Every structure is written in C-alpha cells, then in structure tokens.
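Written below as structure tokens is the structure these notes are about.
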Amino acid sequence: MTERRHFTRVLYQAEAIVTWGRRVVRGRSENVSLKGLFLQTSEKLPLGKNVRIKLFLQGLEDKCVELFGKVVRQENGGFGVQFSRMDFSDFMDLKSIVSLLVGDETHIVSEFTTSLYQGGSDVEA
C-alpha cells in the first residue's frame, strides 16, 4: 500500500464537536496534521460528508480552532477528516501545535508551502 499522506501527523488528544446539518457529534481527536485529523467517537458519519469541527485546545479552557472538511475514512471507533478550509488564525494555532509536538517548525512550514504550490490548501485570511 502506498502512503498518500503528505503532512506529518502527531498524537494529539483533545475534545471536539463535529456538526453537519443539524446533527452534532462529540468526540476526541486521536491525531492531527495540518491537513486532517482522526476523531474517536462511536458515531458513524457517511464518507464524503462535509463537516465543521471545533477542536478544543489542550490547556486553554476557552480556546478552540474551527476547521471544515470532509469525512474520508471510517474505522471502528472513529473517522478521519481531510480539512478543506480554515481561517488563518486557526491555521496558525494548528501549525503551532503540530510544530511543537514534532519539534521542527521549518519542516511543518515546508510541508504546507509545498502543498500551496500544488494547489492543495485553502486557508482564509
């Protein structure tokens, strides 16, 4: 099997709320990257479903990032989401988390800029 991921994933557990339409699901992130996350939950969401995620940052009581994406993978115990859009400030918070856990901000920024040249990211200012 070929690895299709182009972004470094880090283990990061944080509470999350996922909404689509009028439905709301609570879960916990297992891992995150600048392009997606895996959410642990007993709920099953259809593949291809567009969702909004509020990810509550560890150690910061009232701080969360708002991410938009699509369900791209399902497993027992959760599902994977590929991000399609996020605000710049949320991107910067997410980048800080991933960079801190990887220990190499230059590498994380390089992954993102490479994806920009390939047309793969949508960050809103």
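The values are calculated or read from the model by the stated rules, or taken from the named source; none is laboratory data. Here the structure is a predicted model, which means the values were calculated and not measured. Quick reminder, even Gly has a Cβ in these numbers, built from the backbone with ideal geometry, and neighbours come from all protein chains shown.
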If Glu75 satisfies all but one of (1) modelled with pLDDT of 95 or more; (2) more than 10 Å from the chain's Cα centre (by Cα); (3) over 21 Å from Val102 (Cβ atoms), what's the number of the condition it fails? (1)
Considering the stretch 10-44 alone, what residues qualify as being in a loop (DSSP other than H, G, I, E, B) and aliphatic (A, V, I, L, M)? Ala14, Leu34
Out of curiosity, is Met86 modelled with pLDDT of 80 or more, over 18 Å from Val18 (Cβ atoms) and under 13 Å from the mean Cα position of the chain (by Cα)? no
Answer yes or no as to whether Ile53 is over 26 Å from Arg22 (Cα atoms) and either under 12 Å from the mean Cα position of the chain (by Cα) or modelled with pLDDT under 90 (or both). no
Considering only residues of the stretch 77-99 that are part of a helix (DSSP H, G or I) and aromatic (Phe, Trp, Tyr), which is surrounded by the most Cβ atoms within 10 Å (Cβ to Cβ)? Phe91
The correct count of residues that are part of a strand (DSSP E or B) and either without any contact (Cβ under 8 Å) to a residue 40 or more places away in the chain or not hydrophobic (A, V, I, L, M, F, W, C) (or both) in the stretch 47-71 is 13
Just the residues that are modelled with pLDDT of 95 or more and surrounded by fewer than 14 Cβ atoms within 10 Å (Cβ to Cβ), please, taken from the stretch 14-23. Thr19
Across the stretch 27-66, the tally of residues that are closer than 15 Å to Phe91 by Cβ and crowded, with 20+ Cβ neighbours inside 10 Å stands at 9
Determine, yes or no, whether Gln74 is out of contact with any strand residue (DSSP E or B) (no Cβ under 7 Å at 6 or more places or on another chain), part of a strand (DSSP E or B) and in contact (Cβ under 8 Å) with a residue 12 or more places away in the chain. yes
Unmet criterion (only one of (1) surrounded by fewer than 18 Cβ atoms within 10 Å (Cβ to Cβ); (2) modelled with pLDDT of 90 or more) for Ser115: (2)
